[in-house]
Amino acid sequence: MVMSFNKLRKIEQNTVLLPELSLTVQKGDIIAVQCENEYIGRLFTLLNHPEHIQQEAIALPEGGFQNVYLFQQTDGLYKRLNVKQMLLFWCKLYRHQAD
């Protein structure tokens with residue numbers, strides 16, 4: 001095991017800032033966590049400051065994150081667009097015809 005989250009979560013004043021996450025990553029695994037943009041931002045904030053995480057909620061390899069690569073993709077979603085509008089936007093942007 002390289003890294004493990006055991007019911008990692010963040011709650012402040014009865015507000016869920018990060019819903020519960022349990023995950024074990026083995027050496028060589030490539031994983032993706034898909035969730036709301038706000039949640040993933042809070043997860044990365046926590047991971048960048050592991051001293052703020054309860055010790056039993058996370059297990060890191062020796063040396064911390066030095067041997068773990070974290071990639072945060074910002075995909076430029078526009079919340080004001082619905083699904084159809086978003087698809088049409090990307091099709092137009094990349095000059096792709098779709099039915």
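The values are calculated or read from the model by the stated rules, or taken from the named source; none is laboratory data. The structure presented is a predicted model; accordingly, all values stated were derived computationally and were not measured. All Cβ positions, even for glycine, are placed from backbone atoms using ideal geometry, and neighbour counts span all protein chains on display.
General remarks:
- Pick from the range 49-89, criterion part of a helix (DSSP H, G or I) and modelled with pLDDT under 80, ranking: surrounded by the fewest Cβ atoms within 10 Å (Cβ to Cβ): Glu51
- Among the residues of the range 35-47, those that are closer than 15 Å to Phe5 by Cβ and of a type outside the set (Ser, Thr, Tyr) comprise Cys35, Ile40, Arg42, Leu43, Phe44, Leu46, Leu47.
- Tallying residues that are out of contact with any helix residue (DSSP H, G or I) (no Cβ under 7 Å at 6 or more places or on another chain) and loosely packed, with under 13 Cβ neighbours inside 10 Å within the range 1-19 yields 7.
- Every residue from the range 20-44 that is surrounded by fewer than 14 Cβ atoms within 10 Å (Cβ to Cβ) and more than 23 Å from Tyr78 (Cβ to Cβ): Glu20, Ser22, Leu23, Thr24, Gln26, Lys27, Gly28, Asp29, Ile30, Ile31
- Pairs, first without any contact (Cβ under 8 Å) to a residue 60 or more places away in the chain and assigned to a strand (DSSP E or B) in the range 13-25, second surrounded by 13 or more Cβ atoms within 10 Å (Cβ to Cβ) and of a type in the set (Lys, Arg), C-beta under 7 Å, six or more apart: Leu17/Lys10; Leu17/Arg42; Leu18/Arg9; Leu18/Lys10; Leu18/Arg42; Pro19/Arg9; Glu20/Arg9; Leu21/Arg9
- Test for Leu8: is it without any contact (Cβ under 8 Å) to a residue 40 or more places away in the chain and part of a strand (DSSP E or B): no
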